[in-house]
Amino acid sequence: VEIMGSEGYLINQFLAKRTNHRTDAYGGPDFRNRMKFAVDIVRGTRQAVGPDFILIFRLSMLDLVDDGSSWDEVLHVAQAI
């Protein structure tokens, strides 16, 4: 299973401050909130397929837009998933 969390796809839109204007637990200025959607998807997928199934998460290393994810944020979400 490959999860597309990069290049402006839905998960990336949650991660980037530029596109995530939510005010609930999945948004706001705190990156931990913005990365919650990605982490929840990975946890749910892992639970569904089991520990031995190959799971790939495609993550943008550089958004190339203003208010995209910073390098520290990319590292943080990579470690969390």
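The values are calculated or read from the model by the stated rules, or taken from the named source; none is laboratory data. Just so you know, these numbers come straight off a predicted model, no measurement behind them. Note that each Cβ is placed from the backbone with ideal geometry, even for glycine, and that neighbours are counted across all protein chains shown. Side chains included, ligands, DNA and RNA excluded: accessible areas come from the protein's heavy atoms. Shrake-Rupley method; radii C 1.70, N 1.55, O 1.52, S 1.80 Å.
Brief remarks follow.
- Relative to its residue count, the chain spans a Cα convex hull of 82 Å³ per residue.
- Dipole of segment 1-48 computed with +1 at Lys/Arg Cβ and -1 at Asp/Glu Cβ about the Cα centre; of VAL39, GLY27, ILE3, farthest Cα towards the positive end is GLY27.
- The Cα atoms of segment 1-46 cover 30, 20, 12 Å along the three principal axes, with the biggest extent listed first.
- Apportionment of accessible area to carbon and sulfur, the chain, percent (1.4 Å): 55 percent
- Residues in the chain average 65 Å² of solvent-accessible surface per residue, probe 1.4 Å, ligands and nucleic acids excluded.
- Where only DSSP H runs of four or more residues are counted, the chain gives -11500 deg cm²/dmol as its mean residue ellipticity at 222 nm, each run worth -39500 (n - 2.57).
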